[in-house]
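Below is one structure, written out as C-alpha cells; the observations come after it.
The values are calculated or read from the model by the stated rules, or taken from the named source; none is laboratory data. Predicted model, so just to flag it, every value in this text is computed and none were measured. All Cβ positions, glycine included, derive from the backbone under ideal geometry; neighbour counts span all protein chains shown. Calculation scope for accessible area: heavy atoms of the full protein, side chains included, ligands and nucleic acids excluded. Shrake-Rupley method; radii C 1.70, N 1.55, O 1.52, S 1.80 Å.
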Amino acid sequence: MVLVRQSQLILSLAVALMLLPVLARASESSGPSEPGEADGEDLVLSAEERAAADAEAEAEAIERERRFELYDRGSESYDAGDYAGAIEPWQELYDTIPLRDKTDLFTQLADAHWKAYQTDQEQEHLDQAKAMLERNLEHTYGDEDAQRQTQEQLDAVEAELQRLEDARVQRKLEEAERTAVAREQARRRQEDLEQRKAKLDEKRRRFGVRVKVGGSLAGVGVASLVTAVVGMGLGEGVDRDGLAFDDDPDVSEEEVLVLERRGRAYNQLAVVTGAIGGALAISGVTVIVVASLRLRRATGEVQAQAPAQARVVPGILGVEVRF
C-alpha cells in the first residue's frame, strides 16, 4: 500500500481546516449598509453579532485544535506500528470533517486497515479498506496518478478478499466431503450391524433348537439313569432273595434258576440304561453349553458394533442376562 507523505497531508488538512471559518463567514456576510442608517439600536445589534462571531470563531478554533489532535494521535499510532490504534482517531476525524476535506483520509484509513489486517487477519479491515478506496476513486476522478495508485491498492485488497472467499469455499467443500465420507462410513457400519444382527437372530433360533435337543437328550439320559438306579435296586433285592433261598431247603432248583435269571436281567438293565443315560445326559449338556458359547460370541460381536446400550448375554440355559 502507498501512503501519502505525512508532511503533505498535514499541510493540506491544516489549510482546509483554517479555511472553514473564513468560508463560513464569507457565505453569511451581507452587502454594506447605506451610510447614516445605523442608530443606537443598530450599534447594539452589531455588538451582539460581534460577540456571537467571536464565540463562533473560538468554537471553530477549538474544533480545529481537536481535529489536529485526532490526526496527530492517529499518525503517532501509525508510526509506532499500532495500525488499529491509528484507525480510531482517524475515523473519528473522518466522521466530523466535510466531505470535500475527506479525500486525504481515504487513502490513509485504507492503508491503516490494510496493515491492521496483515497483523490480526480480521476481514473487517479489508472490507473497510475496500470501501475507503472505492470512495477515493470517486473523489479523485480526473487525477490519473491518484486514480492509478488507488486502483492498485484496491486490486490488492480485492485479490485478498477473493483469496479469503476461495479458502472459505474450499473449507466448505472439504467439510462437505468429510461429512459425506463420514455418512458413507456410518451407512456401511449400519449395514454391517444389520447383517450381524440377522446372523445373531439366526444363531438365536438355532440356539433355541439346540437347547431343545440338548434338553431332550439330557432328559432321556436322566430317565435312563433313574432306570439304571431302579434296576440296581431290583438286582440287590434279587440278591437278597437268593441268599434267603440258600438257607431254605424247600426251594427247588428251578426257582433258584428263575431267581438268577431275574437278577441277571436287572443287572443288565442297570448297566445298559446307566451307560445310555450317562451318554445322553453328557451329550445334552454339551449341546446346550456349546450353543450358549456360540450365541455369546455372536452377541458380543454385534454389541461391539452397536451404540452403547444395555448388554444382553444369553445364560447357559438360554436365559438372557442384562447388565
Quiz item: Is it the case that segment 133-155 has a residue that's hydrophobic (A, V, I, L, M, F, W, C) and more than 29 Å from Ala86 (Cβ to Cβ)?
Solution: no
Quiz prompt | Close pairs from segment 75-100: first without any contact (Cβ under 8 Å) to a residue 60 or more places away in the chain, partner in a helix (DSSP H, G or I) and surrounded by fewer than 18 Cβ atoms within 10 Å (Cβ to Cβ), Cβ under 6 Å, at least 6 apart | solution = Ser77/Gly85; Pro89/Arg73
Practice problem: Scan segment 114-133 and report the pairs whose first residue is exposed (fewer than 14 other Cβ atoms within 10 Å of the Cβ) and whose second residue is among the small types (Gly, Ala, Ser) and in a helix (DSSP H, G or I), with Cβ atoms within less than 8 Å and a gap of 6+ or a chain change. | Solution: Thr119/Ala84; Asp120/Ala84; Glu122/Ala116
Quiz item: Which one is nearest to Asp95 (Cα to Cα) among residues in segment 52-66 that are open to solvent by less than 60 Å² (accessible area, probe 1.4 Å) and among the acidic types (Asp, Glu)?
Solution: Glu63
Quiz item: Which residues, counting only those in segment 138-180, are within 29 Å of Gln128 (Cβ to Cβ), assigned to a helix (DSSP H, G or I), polar (S, T, N, Q) and open to solvent by less than 60 Å² (accessible area, probe 1.4 Å)?
Solution: Gln147, Thr150, Gln153
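Have a look at Arg183, Arg206 and point out the one that is closer than 30 Å to Gly278 by Cβ and either in a helix (DSSP H, G or I) or open to solvent by 90 Å² or more (accessible area, probe 1.4 Å) (or both).
On the way: Arg183 fails: closer than 30 Å to Gly278 by Cβ.
Only one candidate qualifies: Arg206.
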Quiz item: (1) more than 60 Å from the chain's Cα centre (by Cα); (2) surrounded by 15 or more Cβ atoms within 10 Å (Cβ to Cβ); (3) in a helix (DSSP H, G or I); (4) modelled with pLDDT under 80: which one isn't true of Val258, the others all being true?
Solution: (2)
Practice problem: Evaluate segment 119-132: report whether one residue or more is in a helix (DSSP H, G or I), charged (D, E, K, R) and more than 19 Å from Ala86 (Cβ to Cβ). | Solution: no
Quiz item: Could you say which residue among Ser7, Ser12, Ser33 is under 25 Å from Asp145 (Cα atoms), of a type in the set (Gly, Ala, Ser), open to solvent by 70 Å² or more (accessible area, probe 1.4 Å) and modelled with pLDDT under 75?
Solution: Ser7
